[in-house]
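Asker: Have a look at the structure that comes next, please.
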Amino acid sequence: MALVSPDRTDLLADLLDGVRATGAAFDRSVLRAPWSMRCDDGSPLALVVPLRGAVWVLPDGGAPARVCPDQVAILAGGAPYVLTDDPGSPPGSTLHRDARWAAPGAAGTAPAATTADDGARPAGDAEDPDASVLLTGRYTLDAGAPARLLGSLPPLAVVDDVEEDCPVSPGALDLLAHPRPGQQVLLDRTLELMLITALRAWLTRPGAEVPAWYAAHSDPVVGPALRLLHDDLAHPWTIAELAGRLHVSRAALAKRFAALVGQPPMSYLRHQRLELVAELLRDPDTTLDAAAARVGFSSAFALSATFKRECGVSPSAWRAAHGVAA
């Protein structure tokens with residue numbers, strides 16, 4: 001059997017397809033120097049997009065970075081950070097975990113004008129041409145493939161020339177500042193598109209240090225093993241059958257797979273099945289029996305028991321927590 005490594009472009013597409021923004025928050029701020037905003041909302045992923053004027057991003061415990069209008073900053077992990085026109089500017093507003101901006105104390109200096117709030121707001125027509133214009137997007141992401149993304153990203157990543165690849169233009173982004181029917185869905189999808197574009201640029205940039213699980217897909221043994229598993233998650237795979245398909249020993253496959261992917265083949269398969277189940281459960285019309293059949297569990301009971309053991313909650317509780325009607 002010829003061993004053909006899967007295309008990394010396909011891998012990246014599969015991975016990014018797991019990115020889902022729910023209840024995304026989008027802010028457009030008009031800021032006159034000196035200004036400073038501290039963000040402490042705990043979002044696992046955030047984007048900072050300067051439209052006019054550069055912005056400094058100061059992550060807690062990390063090195064500061066200057067982000068220009070042709071760049072995008074990705075912040076991962078949920079640690080607090082400061083956005084400012086200059087690292088020496090006095091403290092300003094704070095974005096708390098309820099996603100609302102709080103005014104600073106008497107010693108602080110709030111932005112002279114900002115549209116930041118619990119959603120997009122118009123900035124007004126008379127904008128100072130010398131003011132900075134800043135877009136920020138904050139996400140809540142489900143576990144699964146995005147969790148692997150979070151683990152592969154540094155706390156702060158600055159991506160160059162994202163605008164060249166992103167089909168969402170700054171002008172289109174400005175339109176999001178004007179609330180209309182269906183606004184939240186539009187925000188969610190737009191932020192997903194911005195994030196996917198930035199992540200693709202970051203992961204495929206020259207000299208990128210790809211994570212081990214990403215490199216595993218190019219391995220002549222583990223890559224085909226991953227492809228076989230993903231092509232048919234419902235198949236009753238065993239390590240013996242998988243090794244036989246690849247013409248390698250069970251011990252060699254298990255050792256190589258665990259070294260590159262970080263877990264044994266059957267543990268990986270179980271994790272991928274549960275990821276798909278979580279996605280299927282977003283549809284209120286999908287029964288647990290149907291989900292079990294789709295991913296190869298013998299019954300809804302077996303799936304429910306495994307889901308609760310691995311995810312910490314029952315499928316029904318997971319649905320309730322994600323706003324899926326029973």
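Asker: State all residues of segment 271-314 that are part of a helix (DSSP H, G or I), surrounded by 15 or more Cβ atoms within 10 Å (Cβ to Cβ) and over 21 Å from the mean Cα position of the chain (by Cα); if no residue qualifies, say none.
Answerer: Residues satisfying the conditions are Leu288, Ala291, Ala292, Ala293, Arg294, Val295, Ala300, Leu303, Ser304, Thr306, Phe307, Lys308.
Asker: On to the next question. Name the one entry in Ala198, Ala216 that is touching a strand residue (DSSP E or B) at 6+ places or on another chain (Cβ under 8 Å), part of a helix (DSSP H, G or I) and modelled with pLDDT of 75 or more.
Answerer: On the way: Ala216 fails: touching a strand residue (DSSP E or B) at 6+ places or on another chain (Cβ under 8 Å).
It is Ala198.
Asker: Restricting to segment 25-42, and then to whatever is among the small types (Gly, Ala, Ser) and at pLDDT below 85, can you tell me which residue is farthest from Ser89 (Cα to Cα)? Full working, then the answer.
Answerer: As a first pass, look at segment 25-42 and keep what is among the small types (Gly, Ala, Ser): 25, 29, 33, 36, 42.
Right, trim to at pLDDT below 85 and you get 25, 29, 42.
Values: Ala25: 26, Ser29: 17, Gly42: 23 Å.
The selected residue is Ala25.
Asker: Only one residue in Ala243, Ala252 is part of a helix (DSSP H, G or I), over 25 Å from Ser152 (Cβ atoms) and open to solvent by less than 30 Å² (accessible area, probe 1.4 Å), so which one is that? Outline the logic, then answer.
Answerer: Values: Ala252 fails: open to solvent by less than 30 Å² (accessible area, probe 1.4 Å).
Exactly one of Ala243, Ala252 is part of a helix (DSSP H, G or I), over 25 Å from Ser152 (Cβ atoms) and open to solvent by less than 30 Å² (accessible area, probe 1.4 Å), namely Ala243.
Asker: Then there is this: Answer yes if at least one residue in segment 229-245 is of a type in the set (Gly, Ala, Ser) and on the phi > 0 side of the Ramachandran plot, and no otherwise. Spell out how you get there, then give the answer.
Answerer: Step one: of segment 229-245, the residues of a type in the set (Gly, Ala, Ser) are 234, 240, 243-244.
Subset that is on the phi > 0 side of the Ramachandran plot: none.
Within segment 229-245 (the criterion being of a type in the set (Gly, Ala, Ser) and on the phi > 0 side of the Ramachandran plot), the answer is no, since none of the residues qualifies.
Asker: Follow-up. Please specify each residue of segment 315-326 satisfying the condition of being more than 22 Å from the chain's Cα centre (by Cα) and assigned to a loop (DSSP other than H, G, I, E, B).
Answerer: Listed by number, the residues that qualify are Ala325, Ala326.
Asker: Same structure, new question: Say we look at segment 59-74 and pick out the residues that are in contact (Cβ under 8 Å) with a residue 40 or more places away in the chain and within 16 Å of Thr197 (Cβ to Cβ); which of these is most open to solvent (accessible area, probe 1.4 Å)?
Answerer: Here the residue is Asp70.
Asker: Among the residues of segment 238-258, are any closer than 30 Å to His322 by Cα and not polar (S, T, N, Q)? Explain how you work it out, then say what you get.
Answerer: The first filter runs over segment 238-258 and keeps only residues closer than 30 Å to His322 by Cα, leaving none.
Checked segment 238-258: no residue is closer than 30 Å to His322 by Cα and not polar (S, T, N, Q).
Asker: Next question. Do we have Ala258 as surrounded by 15 or more Cβ atoms within 10 Å (Cβ to Cβ) and without any contact (Cβ under 8 Å) to a residue 24 or more places away in the chain here? Walk me through how you get there before you give the answer.
Answerer: Working: surrounded by 15 or more Cβ atoms within 10 Å (Cβ to Cβ): yes; without any contact (Cβ under 8 Å) to a residue 24 or more places away in the chain: yes.
Judged against the criteria, Ala258 is a match.
Asker: Let me ask something additional. Working only within segment 261-270, note down all residues that are at pLDDT below 90 and either among the hydrophobic types (A, V, I, L, M, F, W, C) or assigned to a helix (DSSP H, G or I) (or both).
Answerer: Result: Val261, single match.
Asker: Could you give every pair whose Cβ atoms fall below 8 Å, whose first residue belongs to segment 201-219 and is more than 29 Å from Ala252 (Cα to Cα), and whose second residue is in a loop (DSSP other than H, G, I, E, B) and at pLDDT 75 or above, counting only separations of at least 6 or pairs across chains?
Answerer: Trp202/Leu153
The values are calculated or read from the model by the stated rules, or taken from the named source; none is laboratory data. All values reported here derive from a predicted model rather than from experimental measurement. Virtual Cβ from ideal backbone geometry, glycine too; neighbours counted across all protein chains shown. The area values use the complete protein model at the heavy-atom level, side chains included, leaving out ligands, DNA and RNA. Shrake-Rupley method; radii C 1.70, N 1.55, O 1.52, S 1.80 Å.
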